[in-house]
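Enquirer: Got a structure here, written out as structure tokens. Questions coming.
No lab work stands behind these numbers, since they all come straight from the coordinates. Keep in mind that what you see is a predicted model, and the values were worked out from it rather than measured. Quick reminder, even Gly has a Cβ in these numbers, built from the backbone with ideal geometry, and neighbours come from all protein chains shown.
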Amino acid sequence: MLNLVKNLGSLRFKNRYNISKQILWAVMLLCIAPLLSIILPVFFENSTSKFLVFSVEENFYTSVWTTFGIAAALFTGALAIIDYNIRKEVTITLFGIALFISAILDGYYLLILNENKEINDLSNSLYFIWWINRIFYSVTLLIGTIVYLKVKAKNLRTPEQKTKIIYRTTVFCVLAGIICVFGIANTDYILQWKEMLNQLISIDLFSLLPLAFLVIWAVFYLPKFMQRFHNIFSKFLILSIAPLFLAELFMGLSTSIFDPCYNAAHYLRFVSYLVPLTGIILNYVETVRNEQRIIAKLDIEVREKQMLTANLIERERLLANAEKISKLGSWELNIKTNSYKWSDELYKIYGFEGNTFHPTHAIAEQVIVSEYRKKLSKELTNAVQNKTNFAAEYQIAQPNGTKRYVLNQGYFTSKESKLVGTVQDITELKEATLKLRRNETLLREGEAVSNNGSWEWHSNEEYVFWSDEMFNIHGYLPHSTIVSVGSYINLVHIEDRGKLRRVFAGARRNKASFKASYRIVRPSGEVRFVSTTAKFKEDEIGIGYSYLGNTQDVTQLKEAQRKLEEKINELNISNKDLEQFAYVASHDLQEPLRKIRAFGDRLKTKFSDQINEEGQDYIERMQNAAERMQILIDDLLAFSKVTREVKEFQQIDLHQLINNVLHGLDYAIESTNARINLSVNDKVDGIPSQLAQVFQNVISNSLKFVKPNTQPVIDISSQILSGNVIPVSDISRNLNYCVIKITDNGIGFDEGYAGKIFDLFQRLHSRTAYKGTGIGLAICKKIVENHSGFIFAKSKEGEGASFFIVLPLKHSATQ
């Protein structure tokens, strides 16, 4: 028994029949349970005559298990019949009918079991009825399985064929059951023959027959049955073999009725009925689940069909919208019936409001402008006769008199004898084509006027496409020669060929655009300068790339550039001469001024008592004029020095630089009682002496142009800003700048003069009101420009002024 349990639980068995381990273990535990009925009497007395705390008859356990077995068998038979009526499945019905008849025989067995007879009188009868029942069950299982395996699948397709098989099975089982009842009725007679046979043969053949039939059924036919009728019930039928064999084993080990082995045999017979019942129930559950899955699948299919229908409706809507957007209408003409069908958009193209009428041949011909009718009729006739396609452009006249161009194209289908086509409104396309032709003409003329030629070359093509002007630039008549990438290099001046090859090869290698200036040699030998700009373009379908280029004849431009460079050189020489002259002149003027001022001082000191008051006034005016001239010369020298001076840039701490400037202006600050607020902590690259002069000039102006009876207040601050937020034109947007702001509360000025105050010799006040030459701010502007910076001012008259000095943080030699 243990070996049988082991085989039932083996992995090979599970893999072959795909039975879960949980079910195997459950059946094994049910089969092992009878061992308790054998083991308990060894340790407990009267354990077989006790049930809980109650005393029971000897036949109690046998009656209980037999009753349970009858119930399980009847229930299995009933479920098998119900299953057949619902699903028309014949595999379960055979075993259900067999179990149903077995339940009837077990009922007869139960009646005899409970008769008021002595145990000795019942012993032989009960064993014989057990044997008859087992013979019936094993024979019906074996013969029924053989018959079902012999029946071909084609004979089990229709409900009528299945009903016929079930009817024959029922008749066979009923007849077998009647024979068994007849045998039970003649128990005494058959037992006499059995004793006579036992005397002749030492082996009990009667007891071995049920076991032999079960072995033949389980080994030779049940696996084939399961392979053909593969379901959950078949798996459980396999499992029922174990309790069947064990029941026969325990009955063979029984020494007397109602002993533990006898009761165990009845219990295992109940288990052998219970396992198929469980299989039917689980099979039905699986069927319900499959039906639910089918229903779910059908529901999905219904939804998919609904979505497909919605998709078709959406496509129809999209098609209608596409026809509307593209102004494309469709039509068909049945040649046999001469009947037309128009789409909604075709009605609109022809100028009709909606499809309120059925189109006819007369209407279709009427909308065509008369001079085009013959042309279209010829195209359609040829398409019908030759069973081919057609296409025609013509004009239509809408009911309101508007004329439109349309393109009618389609084909003839001989199978349906129909002309099917589309009509597209191409009026805008026609107008665009005419406009394109005009643009091409203008482009061609524009290229000729500007000496610009266009060209295109694709990596998958050998030759280069040239516009007409490209031929003219290179000295050829349009389209008089074919040019490839390799042959073009022969048109280039021999000294420039290497350079052009390198530029073009590098551009192809890096897949980049390129520019090149070189010389070409015309067939006449004339050398021309050209400039080529080409744009790299990746092929949209990814099979290569192309270059789209423009070549300009710059010979005249080169000549003009050469002359301009000569003029610039001459101008630079002239400017240097003028600067030298100004510098020398300024120094030469110093000596006469010094003498004028010196002799004026001597006249005042030595001859003041000899000169009258009017003379004294003349001398004073002469000295003031000489002083102003001296200041003017000094400022001119300073301006000239800024222009000529070249010094290296270095990093400057603006806070320290401005502090030094303020120390130099101590006297002016104290004399005006000015308050200076300095909040500058940034560093820039620059020339310290020049930037110091800028801050000195601007702060000096703030100390000079003060309002009467008002303490001067000067605020000096700085911040780092990006060029894209500073409101100055020509500034580098991607650089960072230091913006120094100097604000005062002085007299201010009209902002209309904000640009002029930085020009040379510009003054907003008279010399008598405020001293100065009008050169100081011009020097500031020149210095700031030398630093690649900017300076500007904002002010309101009477409300003070703000000067903004914008300096790049880092100096670049290219700035």
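Enquirer: Apply the a/c threshold of 1.5 to the C-alpha gyration tensor of the stretch 432-553 and tell me whether it is rounded, prolate or oblate. Don't skip to the end; give the middle numbers.
Expert: Values: a/c = 1.81, a/b = 1.06, b/c = 1.71.
Since a/c reaches 1.5 but b/c is at least a/b, the shape of the stretch 432-553 is classed as oblate.
Enquirer: Still on this structure: Using each residue's phi in the stretch 135-141, evaluate 6.51 cos²θ - 1.76 cosθ + 1.60 at θ = phi - 60° and report the 3J(HN,Hα) Karplus result to the nearest Hz, with x for Gly and Pro.
Expert: Once rounded to whole Hz, the list reads 4, 4, 5, 5, 5, 4, 4.
Enquirer: Could you list the GluC sites (Glu not before Pro) in the stretch 411-471 that lie in coil according to DSSP, counting only those with at most 14 other Cβ atoms within 10 Å of their Cβ?
Expert: Glu416, Glu461, Glu462
Enquirer: Over 22 Å between C-alpha atoms is what I'm after, so list which of Lys374/Lys418; Lys563/Lys781; Lys305/Lys418; Lys499/Lys563; Lys707/Lys741 land there.
Expert: Distance filter (> 22 Å) returns Lys563/Lys781; Lys305/Lys418; Lys499/Lys563.
Enquirer: Sort 342-350, 73-81 by packing, meaning the average of other beta carbons within 10 Å per residue, with the highest value first.
Expert: 73-81, 342-350
Enquirer: While we're looking at this one, here's another question. Can you sort Asp425, Asp682, Asp539 so the residue with the fewest Cβ neighbours within 10 Å comes first?
Expert: Working: Asp425 21, Asp682 16, Asp539 12.
The fewest-first ordering by Cβ neighbours comes to Asp539, Asp682, Asp425.
Enquirer: Taking a point 7 angstrom from the Cα of Asn85 along the C-beta vector, which residues in the stretch 268-312 have backbone N less than 13 Å away?
Expert: Answer for the stretch 268-312: none.
Enquirer: Suppose R0 equals 56 Å. What FRET efficiency, 1/(1 + (r/R0)^6) with r the Cβ-Cβ distance, do Thr427 and Arg228 give to the nearest 0.05?
Expert: Efficiency, from the Cβ-Cβ distance: 0.15.
Enquirer: With a point put 7 Å past each Cα toward its Cβ, work out how far Asn186 is from Thr170 in nm, to one decimal.
Expert: In this crude label model, Asn186 to Thr170 measures out at 2.9 nm.
Enquirer: I've got another one for you. Between the stretch 659-673 and the stretch 413-430, what's the alpha-carbon centroid distance in Å?
Expert: Cα centres, the stretch 659-673 to the stretch 413-430: 94 Å.
Enquirer: Determine the gain in length on full extension of the stretch Arg733-Lys435; use 0.36 nm per residue of separation and subtract their C-alpha separation, reporting nm with one decimal.
Expert: Difference between extended and current length: 103.2 nm.
Enquirer: Let me ask another. At 7 Å along the Cα-to-beta-carbon direction for both Gln719 and Glu456, put a label point, then send me their distance in nm to one decimal.
Expert: 5.3 nm
Enquirer: Shape call for the stretch 672-715 from the C-alpha gyration tensor, a ≥ b ≥ c root eigenvalues: rounded (a/c under 1.5), prolate (a/b greater than b/c) or oblate?
Expert: Cα axes put the stretch 672-715 in the oblate bin.
Enquirer: List the residues, sorted by chain then number, that are 5 or more residues from Phe536 or on another chain and whose placed amide H is less than 5 Å from its amide H.
Expert: Ser513, Phe514
Enquirer: To the nearest 20 debye, what charge dipole does the stretch 432-553 have about its Cα centre, counting +1 at the Cβ of each Lys and Arg and -1 at the Cβ of each Asp and Glu?
Expert: Using Cβ point charges on Lys, Arg, Asp and Glu, the stretch 432-553 gives about 400 debye.
Enquirer: OK, next. Nearest 0.05, what FRET efficiency do Val151 and Ala71 give at R0 = 30 Å with Cβ-Cβ as r?
Expert: Numbers: r = 31 Å, r/R0 = 1.05.
According to the calculation, E is roughly 0.45.
Enquirer: Can you compute the FRET efficiency between Ser513 and Leu477 using 1/(1 + (r/R0)^6), with r the Cβ-Cβ distance and R0 = 25 Å? Round to the nearest 0.05.
Expert: Result of the calculation: an efficiency of 0.25.
Enquirer: Continuing with this model, one more query. Ranking Met470, Met28 by Cβ neighbours within 10 Å, fewest first, what do you get?
Expert: Met28, Met470
Enquirer: Step through the residues of the stretch 513-525 one at a time and calculate ³J(HN,Hα) from phi using the Karplus curve (6.51 cos²θ - 1.76 cosθ + 1.60, θ = phi - 60°), rounding each to whole Hz and writing x for Gly and Pro.
Expert: So the Karplus estimates, Gly and Pro as x, are 6, 8, 10, 8, 10, 7, 10, 10, 10, 6, x, 6, x Hz.
Enquirer: Ranked by Cβ crowding within 10 angstrom, fewest neighbours first, how are Met251, Met622 ordered?
Expert: In order of increasing Cβ crowding within 10 Å: Met622, Met251.
Enquirer: Okay, next question. Less than 11 Å Cβ to Cβ from Cys738, Lys/Arg counted +1 and Asp/Glu -1: what total charge do the surrounding residues give?
Expert: Local charge sum for Cys738: +1.
Enquirer: Distance from a point 7 Å along Cα→Cβ of Glu538 to each backbone N in the stretch 469-513: keep the residues under 15 Å and list them by number.
Expert: Counting only backbone N, you get 510-513.
Enquirer: How far apart, in nm, are two points set 7 Å out from the Cα along the Cα-to-Cβ line at Val420 and at Ile112?
Expert: Modelled inter-label distance: 8.4 nm.
Enquirer: Here's a follow-up. Quick one: 3J(HN,Hα) in Hz for the stretch 373-381, Karplus 6.51/-1.76/1.60 with θ = phi - 60°, rounded, Gly and Pro as x.
Expert: Rounded to whole hertz, the list is 5, 4, 4, 5, 4, 5, 5, 5, 5.
Enquirer: Within the stretch 514-528, which residues have the backbone N less than 17 Å from the label spot 7 Å out from Asn490 along Cα→beta-carbon, could you tell me?
Expert: Once the point is set 7 Å along Cα→Cβ of Asn490, 520-526 turn out to lie under 17 Å by backbone N, inside the stretch 514-528.
Enquirer: If you stretched the chain out fully between Arg303 and Gln556, how much longer would it get, using 0.36 nm times the residue separation minus the C-alpha to C-alpha distance?
Expert: Computed gain between Arg303 and Gln556 is 83.4 nm.
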